[in-house]
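Comments concern the structure below.
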Amino acid sequence: MAELVSKTYSEAIFDVAVEEGRLDLVQSEFDFVESILKEYPDFYEILKTPKVNIEEKKTVIQETFGDQVSQTLLNFLKIVMDKKRGSDLLSIKWDFDRRVDEYKGVVKVTVESVVPLTDDQLNTLVSNLKKMTGKEIVLKTIITPELLGGLVVRLGDKVIDGSIKFKLEGMLEGLTQIII
């Protein structure tokens, strides 16, 4: 049910942003709102809780974001409050970002490695992923010493685990299956 809610609402704000030609603006404003919700969990709790009256929530949204975001996003946030979907705001944002990436032909990829990759390695990886997906690649790198070596590439919901840790765990599992 929550997934259907986030898809429905994200589609609505996405369609309005595209129609108004303000997709990048709405996305950056929504990024700002998301950062506030994550940085101030007590504030987010006010928007989520049914204990706070809807009109009070809308007033808080107006006072907090009124000078910071466009009327388009402000109205959207108020509608979300009217529909008692404040607890779904972050999942709506996540689905909105996914729609924007799809619309722009972009794939976000996370690469974990033990040591920082060189520019040549990163360029080769981006080039190969671009050939594989046919889309632009936005790469985020993370240093994860626990991998022992190799890479873990996360491409949407797909994971390519070429880490030594994964291979060793596979070998260990195989060895435990041997009956003596």
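Each value in this text was obtained by applying a stated rule to the coordinates, not by laboratory testing. On a predicted model such as this, the values are computed, not experimentally measured, just so you know. Positions of Cβ are generated from backbone atoms using ideal geometry, with glycine treated the same way; all protein chains shown enter the neighbour counts.
So which of Glu102, Glu55 ends up being free of Cβ contacts under 8 Å to residues at least 24 places away in the same chain and closer than 24 Å to Leu4 by Cα?
Going through Glu102, Glu55 in turn, the sole match is Glu102.
Restricting attention to the stretch 11-43 and to residues that are of a type in the set (Asp, Glu) and under 15 Å from the mean Cα position of the chain (by Cα), the residue that is farthest from Ser91 (Cα to Cα) turns out to be Glu29. Could you tell me how many of the residues in the stretch 44-77 are under 23 Å from the mean Cα position of the chain (by Cα), closer than 21 Å to Ile13 by Cβ and either among the charged types (D, E, K, R) or not in a helix (DSSP H, G or I) (or both)? The qualifying residues number 4. In summary, Val107 fulfils each of the numbered conditions (1) of a type in the set (A, V, I, L, M); (2) in a helix (DSSP H, G or I); (3) within 30 Å of Val18 (Cα to Cα) with the single exception of condition (2). Per the listing Glu45, Glu34, the residue uniquely surrounded by 15 or more Cβ atoms within 10 Å (Cβ to Cβ) and of a type in the set (D, E, K, R) is Glu34. When Asp101 is tested against (1) within 29 Å of Lys135 (Cα to Cα); (2) among the acidic types (Asp, Glu); (3) not in a helix (DSSP H, G or I), only condition (3) is not met. One residue stands out among those in the stretch 10-29 that are free of Cβ contacts under 8 Å to residues at least 12 places away in the same chain and not charged (D, E, K, R): the one that is surrounded by the fewest Cβ atoms within 10 Å (Cβ to Cβ), which is Gly21. Only residues that are of a type in the set (Asp, Glu) and loosely packed, with under 14 Cβ neighbours inside 10 Å were counted across the stretch 95-125, and they come to 3. Only residues that are touching a strand residue (DSSP E or B) at 6+ places or on another chain (Cβ under 6 Å) and either among the basic types (Lys, Arg) or within 21 Å of Glu102 (Cα to Cα) (or both) were counted in the stretch 113-140, giving 10.
Would you call Lys51 basic (Lys, Arg) and either out of contact with any Ser or Thr (no Cβ under 9 Å at 6 or more places or on another chain) or exposed (fewer than 14 other Cβ atoms within 10 Å of the Cβ) (or both)? In short, yes. Give just the number: which of (1) of a type outside the set (Ser, Thr, Tyr); (2) free of Cβ contacts under 8 Å to residues at least 40 places away in the same chain; (3) not in a loop (DSSP other than H, G, I, E, B) does Pro116 not satisfy? All conditions are met except number (3). With respect to being charged (D, E, K, R) and either surrounded by 18 or more Cβ atoms within 10 Å (Cβ to Cβ) or under 20 Å from Glu20 (Cβ atoms) (or both), Asp67 fits the description. For the stretch 78-87, the criterion of being more than 30 Å from Ile137 (Cα to Cα), of a type in the set (S, T, N, Q), over 22 Å from the mean Cα position of the chain (by Cα) and in a helix (DSSP H, G or I) is met by no residue.
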